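See below for the structure under consideration.
The values are calculated or read from the model by the stated rules, or taken from the named source; none is laboratory data. Everything numeric in this text was worked out from a predicted model, so none of it was measured. Note: ideal-geometry Cβ built from the backbone for every residue, glycine included; neighbour counts use all protein chains shown. Areas reflect the complete protein model, heavy atoms only, side chains present, ligands, DNA and RNA absent. Shrake-Rupley method; radii C 1.70, N 1.55, O 1.52, S 1.80 Å.
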Amino acid sequence: MAEFTIHGICGSPYVRAPLLVLEEKGLSWRVDPLPMGGNRTPDYKARLHPFAKIPVLDHGDFRLYETRAILDYIDQLHPEPPLTPADARLRARMNQVLGIVDSYVAPRVSGGVTFPRLIAPRFGIPVDDAAIAAAIPAAHEVIDELARLLGDQPYMAGPALSLADLMLIPHLVLLPDFDEGAAMIAPHANLAAWIARMKARPSMAATDWPVLAERFPVAVAA
Ligand SMILES: N[C@@H](CCC(=O)N[C@@H](CS)C(=O)NCC(=O)O)C(=O)O
């Protein structure tokens, strides 16, 4: 039986982040898959997440929501390989990037551009080109700042992979695959190389949307 359960919608970048950490640590996990919108039911709110968001972690009798807390919990519990820098400044940089993902990347890049352009149509939601065009400048600002913070380091918080990389990559991995996303990345060779490097990790292959959908199909109501 899997040690960790993540409740969530397969394909969500927030859900992928804890799965990446679990994979990088070599731990056993499963997804309790929800259908699109399954997080907004009264039952889900009452049982799992009072604010109707995903992901939620179950570990034995311990239940936890808020992705940063989940990532930190797994990293504390299973410290090898370490995903939090010991150095105070690198650790602060990691925490800064984690905050940027939650506050700016998720709403501006994923919510403003990637979801409406690439994901929404898969669920039959029509594409609103004007809304996407209006969202580009704010998303671009975030990408520019991430590239500046990355600089010439291999990872977001310095020389080693950290939680920051694993929380950020699910939000950026699809950008090179569509015109507006590729245009935002184009001025930043360092960020493009970081995306390619992260994408090549086995943990990314193990948590790809089609792989999750196949392994953890959503139950169809009778
Ligand atoms: N601060 C929360 C944010 C979680 C979040 O925004 N999750 C999105 C995942 S894509 C979600 O639940 N969206 C569905 C909805 O808002 O109905 C965390 O870190 O877990």
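For the listed peptides 30-40, 72-82, a ranking on the average number of other beta carbons within 10 Å per residue, highest first, reads 30-40, 72-82. If R0 equals 35 Å, the separation of the Cβ atoms of Arg47 and Ala196 corresponds to a calculated FRET efficiency of about 0.30. Remark: the chain carries a charge dipole of roughly 220 debye about the Cα centre, counting +1 on each Lys and Arg Cβ and -1 on each Asp and Glu Cβ. For GluC sites (Glu not before Pro), the sites in segment 1-55 that DSSP calls loop and that have at most 15 other Cβ atoms within 10 Å are Glu3. Rg and Dmax over the alpha-carbon atoms of segment 17-93 stand at 14.3, 43 Å.
Write down the percent of antiparallel bridges among all DSSP beta bridges whose residues are both part of the chain, to the nearest 5. Around 65 percent of the beta bridges assigned by DSSP in the chain are antiparallel ones. Normalised size of the chain, defined as Cα radius of gyration per 2.2 N^0.38 Å with N residues, equals 1.00. The residues of the chain expose on average 48 square angstrom of accessible surface per residue, using a 1.4 Å probe on protein heavy atoms. Charge tally for Trp209 (other residues, Cβ to Cβ under 15 Å; Lys, Arg +1; Asp, Glu -1): 0. Here segment 1-154 has 55 percent of its accessible surface on carbon and sulfur atoms, given a 1.4 Å probe and all protein chains in place.
Taking the alpha-carbon distance from Lys25 and a cut-off under 21 Å, which lysines remain once sequence neighbours fewer than 8 residues away in the same chain are dropped? In chain and number order, the partners are Lys199. Using the Cβ of Pro116 as centre and a radius below 11 Å, the other residues enclosed give a net charge of -2, where K and R count +1 and D and E count -1. The mean of 1/r over all distinct Cα pairs in segment 130-175, once inverted, gives the Kirkwood hydrodynamic radius of 11.8 Å.
The aspartates and glutamates whose alpha-carbon is closer than 17 Å to the alpha-carbon of Lys45, local same-chain residues fewer than 8 away aside, are Asp32, Asp58, Glu66. The helix-based estimate of mean residue ellipticity at 222 nm for the chain, built from -39,500 (n - 2.57) per DSSP H run of four or more residues and divided by its residue count, is -14000 deg cm²/dmol to the nearest 500. Comparing Cα centroids, segment 159-208 and segment 74-105 end up 17 angstrom apart.
In the chain, Cα pairs under 8 Å separated by at least six residues give a relative contact order of 23 percent.
Globularity index of segment 117-222 is 1.23 (Cα radius of gyration / 2.2 N^0.38 Å, N = number of residues). Summing charges over neighbours of Val127, with a neighbour being any other residue whose Cβ is under 13 Å away from its Cβ, gives -2 when K and R count +1 and D and E count -1.
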